[in-house]
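Participant: Pasting a structure below so you can have a look.
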Amino acid sequence: MSDQNEENFRQSMRRLAATVCVISCQNEGVRHGITVTSVTSLCFSPLSILVCINQKASVLAPLHKEKRYCINLLQASQVEISRRFSGGVPAGERFLDGNWELEGGIPYLADAQANLFCEIDRAYSYSTHDIVIGRVNNSRFATEVSPLIYQDGLYAVGAPIPLSNAA
């Protein structure tokens, strides 16, 4: 791939807005987590979701061992939690901030925008990342819709666009 094509791709992807999520799991009594934006619903039968995780991420090995995890969709007010799990804070200190609880041995952020409790159904390695397909066993969501968005290298919030009834 040419350097220009790679840069064009990078700049194009900066225009793809995504909800900020934290993937969390627990393996052998140790909690692990990472901030991701490459999350998308896959299908409703079975309920499933796809996430892409860099193979160098410290969460990947425990995630594959445990096979159960939570995708925590962050609220607009949870920028600091996103930063903590983005690598700026040592892995052992990431869970010191936020309202973390356990469900069936899986850590989850109780006041997140939504929580999707998953079990790995399939995983595929592709170049530098693993594509993890999870079956959603349970989910919760906040009544207010206020997701934390990431676009163009910055945090953002979404707002409904009022539509005019005029033709």
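Participant: If you check F85 against the conditions, is it surrounded by 17 or more Cβ atoms within 10 Å (Cβ to Cβ), modelled with pLDDT of 95 or more and in contact with a helix residue (DSSP H, G or I) (Cβ under 6 Å, 6 or more places away or on another chain)?
Facilitator: yes
Participant: Restrict the check to segment 3-14 and report whether at least one residue is open to solvent by less than 70 Å² (accessible area, probe 1.4 Å), under 21 Å from A123 (Cβ atoms) and either modelled with pLDDT under 95 or of a type outside the set (S, T, N, Q) (or both).
Facilitator: no
Participant: Can you confirm whether segment 115-130 contains a residue that is among the hydrophobic types (A, V, I, L, M, F, W, C), closer than 17 Å to S24 by Cα and over 15 Å from the mean Cα position of the chain (by Cα)? Please lay out each step first, then the result.
Facilitator: Step one: list which residues in segment 115-130 are among the hydrophobic types (A, V, I, L, M, F, W, C), which gives 116-118, 120, 123.
So of that shortlist, the ones also closer than 17 Å to S24 by Cα come out as 116-118, 120, 123.
Filter again for over 15 Å from the mean Cα position of the chain (by Cα), leaving 123.
The answer is yes, given that some residue of segment 115-130 is among the hydrophobic types (A, V, I, L, M, F, W, C), closer than 17 Å to S24 by Cα and over 15 Å from the mean Cα position of the chain (by Cα).
Participant: Further question: Look through Y150, Y126 and report the one residue that is within 30 Å of R10 (Cβ to Cβ), open to solvent by 30 Å² or more (accessible area, probe 1.4 Å) and either in contact with a strand residue (DSSP E or B) (Cβ under 7 Å, 6 or more places away or on another chain) or not hydroxyl-bearing (S, T, Y) (or both).
Facilitator: Checking each option against the conditions leaves just Y150.
Participant: It is to be established whether one or more residues within segment 62-69 are under 13 Å from the mean Cα position of the chain (by Cα) and open to solvent by less than 70 Å² (accessible area, probe 1.4 Å).
Facilitator: yes
Participant: Same structure, new question: Please determine, by comparing only the residues of segment 88-116 that are touching an Asp or Glu at 6+ places or on another chain (Cβ under 7 Å) and over 25 Å from T40 (Cβ atoms), which one is modelled with the lowest pLDDT.
Facilitator: D97
The values are calculated or read from the model by the stated rules, or taken from the named source; none is laboratory data. The shown structure was predicted, so the numbers you read here are calculated from the model rather than taken from an experiment. FYI the Cβ positions are ideal-geometry reconstructions off the backbone, even for glycines, and counts take in every protein chain you see. When the accessible area is computed, the model is the full protein with side chains, heavy atoms only, and any ligands, DNA or RNA have been set aside. Shrake-Rupley method; radii C 1.70, N 1.55, O 1.52, S 1.80 Å.
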